[in-house]
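One structure is given below, encoded as C-alpha cells.
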Amino acid sequence: MLQRATIAFCLFMLFIVPAPARDGETVYIAECATCHNSNTPRTPTFDVLKGLETGRIVSALESGAMRIIGTFSLTAPERIAVAEYITGDAYNANWKSQEGSQCAAADQWPATDPFADPHWNGWGGNLANTRSQTAANAQLDVEQIPELELKWAFAFPGETFVESQPSVVGGRIFVGSPSGTVYALDAKSGCIHWTFQAEAPVKAPVSIGALDDGSFGVFFGDQAGRVYSLNAVNGAERWRDIGDDHPSARVTGGVQLFEGKVYVPMASLEEGLAMDPGYECCVFRGSVIAYRADTGQRIWKQYTIKKLPAKIGRTTTGDLQFGPSGAAVWSAVTIDTKLRRIYLGTGDNYSNPPSGTSDSVLAFDLDSGELAWNYEGLGGDAWNIGCMSTPKVNCPENEGPDEDMGASPILVSLPSGKRLLIGAQKTGVAHALDPDNNGELVWRKQLAEGGVQGGLQWGQSTDSGVLYASRSDLGWLSEEVMVAKPVIDPNQGGGTLAVDLETGEILWEADPVSCAGREVCSPAAGAAITTIPGALFTGSLSGEMRALDTSTGEEIWRYDTVREYDTVNGANGRGGAIEQAGAVIVGGMVYFNSGYSKWGALPGNVLLAFGLPDKQ
C-alpha cells in the first residue's frame, strides 16, 4: 500500500494543480529527516550522506533505493535541490566520468572457453555455494600467502561503501557498484574494458554464463527489482525484466545459472518503509524467479509465502495493516543437481501473521518451482524497522528479534559420502540439514551470540568435512541507537570458528581482531569467508583482511585497508570497513572490497587487488 502522502500527491497531479518547487532544506526536513535523522543503524546518517557525490543522491532518488520517495513525492528540481543541500556541492550530470582508465584495444574476448582458465563466478564460486576455491583456480599456495602485496586499487567514484563481490572469468573482473555502473575490468591491471549503466544500484554479484548460440552473457539484478542480461564481450544489453513490481523490491543476492536458465532471488526494503507512520504495512513477499538465459522469458515465479496479504486490522493511529508479508530472499540461491532442487534462505516476516516460511531454508523443484519442503529455523519472527523507533511504528504485536536465515545455504558432500545442507542464521545458529531426507535436521549448533546485526551473517565456507564461520555480533555503545548517534562497540563481536560437519563440534576458534589504537572500529566479522586449500580469508569492520590456517586458525597474513589509495582509474580512493562480500582468489590474485559506511563503520570505496611480488 502506498503512503497517504503518496496518494495525495498522485491526486494532486491528476488535477494538474501546479505547486512551487521546494528548496533543498525544506525537502529534506519534510521527506528525509524522519529516517536519516533517526540514527537507526540501518539508515545512513546525514553525515554519511554528506560524503556522497551530489549526482549519486540524485540517482538514488530517481531510480535507486529511494525512488519510492524521489519519484512519488519530489519533482525533478526538488531531487537536485535536496541533493545539493545535503552535500553542499552543485549537481554535475557527468559525475561518473572515467576518462583515462580505459584499457587499450584488446583481442576479441574470449579467445577460448573462459571457464577453462582460472575463475570465480557469482557469489559462492559454484552452484553449491561452498565458497571454496580449488587449487587449480586459486594458483596460490599457503606458503605464498605471506608474500601477498597490493598490485592495484580501483575506486568507485564518490561512494562511501562497496558491496558487489567481483566475479573473475576469462581474465576479466565483472563487478557492480552503488551508482548502478557495472564494470568489466582487466583482472591483471584494473583498466576498464566496458561499463553498463543499470537503473539502480547493483549490490549483488554479477554472474557469467554460456548461451545457446555459443556466446556468453552477464546476469545480475539491481536495487529496483530489475533483472538484466548483457553481452559479456562489450556490455551491450540483451534483455531486462521487472522481477517484482512492488516499489521497494530489490535484488541483493547473486543469481545462479544452470542448464540454460537463470534463477533470481527477490528481496525488498519494505520493512524499512514501515518506519513511516503513514505507511500501510506490509504486502511484499519474497520470491525466486526462473528465466530462460538466452531470451529472458520467465519460466516460473514462486513466492516464499503462498498466501496473499490481506487486511489484518489497524494500528493505534488508525492505519490499515496487511499480512502475511516478508520472507525476503537476501542471498544467492543454491542448486542441487542430483535432486534437481533449488535451496534458499528467507528473512523475517514484516507483519503478522507469521507465515511459517520466514527465517527458513526452503527447497523448490528446479523445473516446476513447486515447494518440496521447508525447515523453519525460528518461528514467529515478525518484525520491521518501525520496531526500532520511539514510539514504535507499524511494529507487529509480539514482535520477533529480526534474525533472518540470511546466508546462502551451502550444499556439501562429506568424506563419508553423506551430504549436508547448511543454513546459517542471525541467531548465531548453524543448522545442518539432510537434503536427501527432505531437510531433516541432523544437528544445530550455537556459534555466535546473535542479534539484529549479529550471529552468522553473509556467508560461510566449507572444505570437505569442515565448516568455517565468522561471527558478526556487532554492537553499539549506546543502548538506544535511535536516540544517540550509533557508535560501534570496539570490544564486541568478531572471531572465526572451524566446525566438524559430521558432529557439529567446534574444532578451533580464532580470536577477533583488536581495535586497540583505532578511532572507529569494530571486530565484527560479518563479511563472507573464502577458502583455498589450507587457508581461509576473512574480513572485519576494523578494515582488516586476514588469512588463517584452516587446520589451526593461526594467522598467516593480515592487511590493514584503512588508508588513501592511488587508483588505476584516477578517482579518489579510500579503504574502510570490510563487510558483506568476501575475498575472491583467482590465478594467484586476491580481490576484495573495502569500505562500508553503514552501522557507523568506516566509509570507503575501493576494490583492492593483491598478488605475489614480480620475479626479478
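For the reader, a short list of remarks on this structure follows.
- Residue in segment 305-312 that is touching a residue at least 60 places away in the same chain (Cβ under 8 Å) and aliphatic (A, V, I, L, M) present: no
- Residue 359, sole failed condition from (1) buried (at least 24 other Cβ atoms within 10 Å of the Cβ); (2) in contact with a strand residue (DSSP E or B) (Cβ under 6 Å, 6 or more places away or on another chain); (3) on the phi > 0 side of the Ramachandran plot: (2)
- Whichever residue in segment 364-392 is in contact with a Ser or Thr (Cβ under 7 Å, 6 or more places away or on another chain) and small (Gly, Ala, Ser) and, among such residues, is nearest to residue 333 (Cα to Cα): 377
- Of residues in segment 112-139 being outside any loop (DSSP other than H, G, I, E, B) and among the aliphatic types (A, V, I, L, M), the one modelled with the lowest pLDDT: 116
- Positions within segment 140-169 being assigned to a strand (DSSP E or B) and of a type in the set (Phe, Trp, Tyr), in sequence order: 152, 154, 161
- The criterion of at least 3 residues that are open to solvent by 20 Å² or more (accessible area, probe 1.4 Å) and farther than 21 Å from residue 189 by Cα is met, among strands (runs of 3 or more DSSP E) falling completely within segment 542-616, by 555-560.
- Residue match in segment 343-351 (condition: open to solvent by 30 Å² or more (accessible area, probe 1.4 Å) and either not in a strand (DSSP E or B) or not aliphatic (A, V, I, L, M) (or both)): no
- Test: residue in segment 493-513 that is more than 23 Å from residue 130 (Cα to Cα), of a type in the set (Val, Ile, Thr), open to solvent by less than 60 Å² (accessible area, probe 1.4 Å) and touching a strand residue (DSSP E or B) at 6+ places or on another chain (Cβ under 9 Å): yes
- Flag if residue 463 is modelled with pLDDT under 95 and within 22 Å of residue 532 (Cβ to Cβ): yes
- Filtering 546, 518 for residues that are touching a residue at least 12 places away in the same chain (Cβ under 8 Å) and within 17 Å of residue 470 (Cα to Cα) leaves a single hit, 546.
- The strands (runs of 3 or more DSSP E) falling completely within segment 273-334 that include 1 or more residues that are closer than 27 Å to residue 232 by Cα map to 287-292, 298-303.
- Here residue 419 meets each of (1) open to solvent by less than 20 Å² (accessible area, probe 1.4 Å); (2) on the phi < 0 side of the Ramachandran plot with one exception, condition (1).
- For segment 282-312, a residue qualifies if it is open to solvent by less than 30 Å² (accessible area, probe 1.4 Å) and either at pLDDT below 95 or of a type in the set (A, V, I, L, M) (or both), and the qualifying residues are 288, 289, 290, 293, 305.
- Of residues in segment 198-242 being β-branched (Val, Ile, Thr) and under 25 Å from residue 108 (Cβ atoms), the one surrounded by the most Cβ atoms within 10 Å (Cβ to Cβ): 206
- Number of positions in segment 389-408 that are of a type in the set (Asp, Glu), open to solvent by less than 20 Å² (accessible area, probe 1.4 Å) and more than 15 Å from residue 271 (Cβ to Cβ): 0
- Filtering segment 379-392 to residues that are under 26 Å from the mean Cα position of the chain (by Cα), touching a residue at least 40 places away in the same chain (Cβ under 8 Å) and in a loop (DSSP other than H, G, I, E, B) leaves 383, 384, 389.
- In the set (1) among the basic types (Lys, Arg); (2) surrounded by fewer than 24 Cβ atoms within 10 Å (Cβ to Cβ); (3) at pLDDT 95 or above, residue 485 fails one condition alone, (3).
- Within segment 204-228, the set of residues being of a type in the set (D, E, K, R) and over 21 Å from residue 301 (Cβ atoms) comprises 212, 213.
- Of residues in segment 182-197 being open to solvent by 10 Å² or more (accessible area, probe 1.4 Å) and part of a strand (DSSP E or B), the one nearest to residue 590 (Cα to Cα): 186
- So residue 245, is it in contact (Cβ under 8 Å) with a residue 40 or more places away in the chain, in a loop (DSSP other than H, G, I, E, B), more than 23 Å from residue 181 (Cβ to Cβ) and open to solvent by 30 Å² or more (accessible area, probe 1.4 Å): no
- Test result for residue 528, under 21 Å from residue 591 (Cα atoms) and either at pLDDT below 95 or in a strand (DSSP E or B) (or both): no
- In segment 254-272, the residue that is modelled with the lowest pLDDT out of those that are in a loop (DSSP other than H, G, I, E, B) and either within 19 Å of residue 60 (Cα to Cα) or open to solvent by 30 Å² or more (accessible area, probe 1.4 Å) (or both) is 269.
The values are calculated or read from the model by the stated rules, or taken from the named source; none is laboratory data. Note that the coordinates shown come from a computational prediction; the quantities given were computed from them, not determined experimentally. Reconstructed Cβ throughout: ideal geometry from the backbone, glycine too, with neighbour counts over all protein chains shown. Quick note on the areas: whole protein, heavy atoms, side chains included, nothing else; ligands and nucleic acids left out. Shrake-Rupley method; radii C 1.70, N 1.55, O 1.52, S 1.80 Å.
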